[in-house]
1. Using a Förster radius of 25 Å, what is the FRET efficiency between Arg3 and Ser110 based on their Cβ-Cβ separation? Nearest 0.05, please.
2. Suppose only helical runs count, i.e. DSSP H with n ≥ 4. What mean residue ellipticity at 222 nm does that imply for the chain under -39500 (n - 2.57) per run, divided by all residues and rounded to the nearest 500 deg cm²/dmol?
3. In whole angstrom, note down how far apart the Cα centers of the stretch 17-67 and the stretch 92-152 are.
4. Count the DSSP beta bridges whose two residues both fall in the stretch 43-136, then state the antiparallel fraction as a percent rounded to the nearest 5.
5. Multiply the residue gap between Leu155 and Met62 by 0.36 nm, knock off their C-alpha separation, and tell me the result in nm, one decimal place.
6. What's the angle, to the nearest 10 degrees (0 to 90), between helix 115-128's Cα axis and the longest principal axis of the chain?
7. Find the relative contact order for the chain and round it to a whole percent, using C-alpha pairs within less than 8 Å whose residues are 6+ positions apart.
8. For the stretch 59-163, just say rounded, prolate or oblate: build the C-alpha gyration tensor, square-root its eigenvalues into a ≥ b ≥ c, call rounded for a/c under 1.5, and beyond that prolate if a/b exceeds b/c, oblate if not.
Amino acid sequence: MDRSSAILERLLRLHPREIDLSLDRVRRLADALGNPERRLPPVVHVAGTNGKGSTTAFMRAMLEAAGKRVHVYTSPHLVRFHERIAVRGAPIGEAELAVLLAECEIMNRSEPITFFEITTAAAFLAFSRTKADFTLLEVGLGGRLDATNVVPGPLAAVTVGLW
């Protein structure tokens, strides 16, 4: 088992025992990490019921064809977790992912947090530390309490699949 897989397994155990419908957990962790969500390249936030992945893939292809460097955060992954976080167009490397996950785990201090919340924070860290022209950010379950909504003022918001 690689290092990031071992950390991801530990992070799954931090899931809250009680339902807490708020952004408090992800905001607490973001604050502890120095608010990386405030230092992202311009964000296009993609939400909706069906078609988020396809829409994100189309936007990424168009932007990259125009010579832009693009970060992408999607879920779920198809084969490996690394697919969820593309830094400047490439899946995040094992060493970088393991370092980011470990940093998030330490800064979370064993507090309850969902897997999506803590891995979203890791993606924000990766994106805030690497220059790019755009960030394509796909929501998880969506709604106003989705962990991705801690990002202030996206450049654009796209809603797909609601017809």
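1. 0.85
2. -12000 deg cm²/dmol
3. First find each Cα centre; the distance between them is then 8 Å.
4. 45
5. 31.8 nm
6. Approximately 60 degrees, to the nearest 10.
7. Relative contact order for the chain comes out at 43 percent.
8. Cα axes put the stretch 59-163 in the oblate bin.
The values are calculated or read from the model by the stated rules, or taken from the named source; none is laboratory data. Keep in mind the model is a prediction, meaning the values are calculated, not measured. So basically every Cβ, Gly included, is an ideal-geometry build from the backbone, and we count neighbours across all protein chains shown. Keep in mind that these areas ignore ligands, DNA and RNA; they rest on the heavy atoms of the full protein, side chains included. Shrake-Rupley method; radii C 1.70, N 1.55, O 1.52, S 1.80 Å.
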